[in-house]
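Everything on this sheet refers to the single structure shown next.
The values are calculated or read from the model by the stated rules, or taken from the named source; none is laboratory data. Bear in mind that the values here come from a model prediction, so they are computed numbers and not experimental data. Cβ placement follows ideal geometry from the backbone for every residue including glycine, while neighbour counts extend to all protein chains displayed.
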Amino acid sequence: MSSIKKLIGQTAIYGSSSIIGRFLNYLLTPLYVIKFSTDQYGIISEMYAYVAFLVVFLTYGMGTALFRFSTSKKYDFNQVYSNTLFSLLTTSTFFILLISLFSQEIANLLKYPEHSEYIIWFGMIVGLDAVSSIPLANLRLKEKAKKFALINFLNVGVNIGLNLFFIVYCKENFDPEIENNNWIINTFYDPEIGVGYVFISNLISSIVKFVALIPEMNLKGRFDFSILLSMLKYAAPMLFVGLAYVINETLDRAMLKEILYNQNLESADLNISENALELAQSENGIYGANYKITMVVSMFIQAFKYASEPFFFKNASNKSSKETLAKVMNYFTIVLVFIFLVMTLYLHVFKYFINNPEYWSGLKVVPILLAANIFLGIYTSLSIWYKLSDKTIFGAYISSIGVIITLTINFIFIPQFGYEASAYATLACYGSMMILSYIFGQKHYSIPYNLWKFFTYIGVGALLFTISLPFDPKVEYTLLAYGYHTLLLIGFLVLVLLIEKPFKKPILTNSNE
């Protein structure tokens with residue numbers, strides 16, 4: 001079976017759970033922006049930024065270490081898996097206890113003193129998701145993609161169902177003037193909880209996912225500190241890589257709130273200073289909602305990562321593995337640029353994903369964030385070199401530079417440009433990381449990438465976007481404008497066909513060649 005064909009098949013299955021599953025969760029955003037004000041949505045956006053950071057912190061690179069050590073002939077698989085799972089169970093349990101003890105202090109720090117329960121709920125969500133990541137990684141390693149997909153669909157289904165129950169059914173049918181609503185609403189709904197039902201739904205779905213994965217949590221191997229120490233040594237740089245990714249991806253929301261809040265407090269305008277926190281959260285909410293539009297690219301990148309990591313580790317010893325990496329990179333770039341063009345050329349359609357005009361002022365950052373995600377996707381493909389060559393420390397170096405760029409641009413320019421500065425910081429960060437990964441990779445683990453094709457697809461994609469009609473969210477496109485944009489998209493596809501010539505030569509090559 002062709003190696004690339006196999007990777008495409010695995011990506012498709014993982015995509016069905018990752019892309020479709022996350023897309024279904026993604027569809028909750030229109031619900032949130034309709035049901036909650038911009039400042040309330042800002043709370044949701046901020047809290048989930050912290051979740052992303054903490055999940056990475058609590059998994060501390062052990063997922064990648066599991067792939068590396070379990071495919072090595074030096075170690076027994078059961079030993080590696082059991083030690084990995086034991087390690088995360090221990091640290092996650094300790095984390096949940098610690099968060100619960102200091103929930104009020106943390107809530108005060110985040111300026112939510114009346115909602116310490118948010119902190120406890122999120123502590124449990126993060127701890128359960130961290131532990132669940134290891135049996136899920138094991139399913140990927142064993143290529144049990146269908147079971148992986150089923151469990152993720154279960155998790156997503158429960159989350160969506162509970163959101164619809166609390167935020168649509170209960171919220172819409174609750175009447176404060178009626179003493180006795182129906183018994184379901186009386187039993188399960190309290191209007192004072194508000195956006196907290198978003199978090200409760202997530203917590204219950206995380207518990208369901210954890211329970212579903214219990215059969216996969218087999219501790220057959222004995223505890224071996226030497227194995228665990230070796231894995232931690234390998235994973236340590238990957239922890240920093242993961243933390244840096246989350247900082248680059250989500251810290252801008254926390255910085256936006258804090259910087260704009262302090263700026264509003266110092267404003268000479270009394271109305272602004274009195275509503276400093278609400279206004280800062282509102283800007284955060286607008287940025288967070290528009291960021292969600294770009295998550296289509298992130299979903300595809302995640303599906304590719306799920307399939308590619310175990311695939312490339314298993315095929316690293318093949319003579320043609322580097323050529324395969326180069327070809328995968330080529331096709332991956334084509335898909336990323338195509339998604340970018342679809343979303344930017346038809347942004348007047350995608351804006352209805354957040355079907356609330358209060359949020360449309362932030363649509364101007366969507367193309368910037370989509371371009372940033374293209375760079376992130378390419379970096380994700382390029383970064384396999386330091387994982388295969390056991391030079392994970394370079395991942396930490398590259399990520400450190402990305403973090404510095406993110407923090408510097410956000411800190412200097414948010415006061416003047418608001419969330420636009422955050423969007424450009426993301427673009428600069430991922431662009432720099434992509435370039436650095438290529439330079440270091442070619443020096444330490446040279447892969448024959450076709451740079452001519454790469455620059456052609458990226459350049460043409462940028463050109464087509466530039467010559468498309470200027471986007472104005474207040475003006476609807478005519479049929480003629482949509483036709484023009486469709487011709488531009490077709491033009492890109494024709495270019496791909498002319499360069500790749502899929503009908504004249506086989507795209508897929510056998511892994512044994």
Quickly run through the stretch 238-265 and pick out the residues that are among the acidic types (Asp, Glu) and closer than 21 Å to Thr294 by Cα. Glu249, Asp252
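Mind counting the residues in the stretch 255-294 that are of a type in the set (A, V, I, L, M) and farther than 25 Å from Leu369 by Cα?
6
Between Val365, Val349, which is within 23 Å of Ala289 (Cβ to Cβ), among the aliphatic types (A, V, I, L, M) and without any contact (Cβ under 8 Å) to a residue 12 or more places away in the chain? Before the answer, list the steps.
On the way: Val365 fails: without any contact (Cβ under 8 Å) to a residue 12 or more places away in the chain.
Result: Val349 is the single residue among Val365, Val349 that is within 23 Å of Ala289 (Cβ to Cβ), among the aliphatic types (A, V, I, L, M) and without any contact (Cβ under 8 Å) to a residue 12 or more places away in the chain.
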Please specify each residue of the stretch 268-322 satisfying the condition of being modelled with pLDDT of 75 or more, touching a Leu at 6+ places or on another chain (Cβ under 7 Å) and closer than 30 Å to Met62 by Cβ. Tyr291, Thr294, Val297, Ile301
(1) surrounded by 18 or more Cβ atoms within 10 Å (Cβ to Cβ); (2) outside any helix (DSSP H, G or I): which one isn't true of Asp390, the others all being true? (1)
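From the list Ile120, Ile44, Ile96, pick out the single residue that is in contact with a helix residue (DSSP H, G or I) (Cβ under 8 Å, 6 or more places away or on another chain), at pLDDT below 90, closer than 30 Å to Ile259 by Cα and assigned to a helix (DSSP H, G or I).
Values: Ile120 fails: at pLDDT below 90; Ile96 fails: at pLDDT below 90.
Only one candidate passes the filter, namely Ile44.
Mind listing just one residue for me: the one in the stretch 403-429 that is among the β-branched types (Val, Ile, Thr) and surrounded by fewer than 22 Cβ atoms within 10 Å (Cβ to Cβ) and, of those, farthest from Leu370 (Cα to Cα)?
Of the residues in the stretch 403-429, the ones among the β-branched types (Val, Ile, Thr) are 403-406, 408-409, 412, 414, 426.
Adding the requirement that they be surrounded by fewer than 22 Cβ atoms within 10 Å (Cβ to Cβ) leaves 403-405, 408-409, 412.
Details: Val403: 19, Ile404: 21, Ile405: 18, Thr408: 21, Ile409: 18, Ile412: 23 Å.
If we take residues in the stretch 403-429 being among the β-branched types (Val, Ile, Thr) and surrounded by fewer than 22 Cβ atoms within 10 Å (Cβ to Cβ), then Ile412 is farthest from Leu370 (Cα to Cα).
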How many of the residues in the stretch 453-482 are over 17 Å from Val335 (Cα atoms) and surrounded by 11 or more Cβ atoms within 10 Å (Cβ to Cβ)? 9
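State whether the residues of the stretch 53-65 include one that is of a type in the set (Phe, Trp, Tyr), farther than 20 Å from Ile384 by Cα, modelled with pLDDT of 80 or more and assigned to a helix (DSSP H, G or I).
Pass one, the stretch 53-65, residues of a type in the set (Phe, Trp, Tyr): 53, 57, 60.
Filter once more, so that each one left must be farther than 20 Å from Ile384 by Cα: 53, 57.
Restricting the remaining residues to those that are modelled with pLDDT of 80 or more gives 57.
Within this subset, residues satisfying the condition of being assigned to a helix (DSSP H, G or I) are 57.
Within the stretch 53-65, one or more residues are of a type in the set (Phe, Trp, Tyr), farther than 20 Å from Ile384 by Cα, modelled with pLDDT of 80 or more and assigned to a helix (DSSP H, G or I).
Conditions tested, residue by residue: (1) surrounded by fewer than 18 Cβ atoms within 10 Å (Cβ to Cβ); (2) more than 24 Å from Thr29 (Cβ to Cβ); (3) within 26 Å of the chain's Cα centre (by Cα).
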site: Phe102; (1), (2), (3): yes, yes, no
site: Tyr112; (1), (2), (3): yes, no, yes
site: Trp121; (1), (2), (3): no, no, yes
site: Val156; (1), (2), (3): no, no, yes
Considering only the stretch 194-223, how many residues are under 21 Å from Ala65 (Cα atoms), modelled with pLDDT of 80 or more and of a type in the set (D, E, K, R)? 1
Is it the case, given these coordinates, that Val296 is in a helix (DSSP H, G or I), out of contact with any strand residue (DSSP E or B) (no Cβ under 6 Å at 6 or more places or on another chain) and over 29 Å from Leu497 (Cα atoms)? no
Of the criteria (1) within 30 Å of Tyr75 (Cβ to Cβ); (2) of a type in the set (D, E, K, R); (3) out of contact with any Ser or Thr (no Cβ under 7 Å at 6 or more places or on another chain), which one Lys220 fails: (3)
Quick one: Ile412 ticks every box in (1) touching a residue at least 24 places away in the same chain (Cβ under 8 Å); (2) under 20 Å from Asn248 (Cβ atoms); (3) out of contact with any Phe, Trp or Tyr (no Cβ under 8 Å at 6 or more places or on another chain) except a single one, so which number is it? (1)
Quick test of your reading of the structure: Lys111 fulfils all but one of (1) under 23 Å from Ala235 (Cα atoms); (2) part of a loop (DSSP other than H, G, I, E, B). Name the failing condition by number. (1)
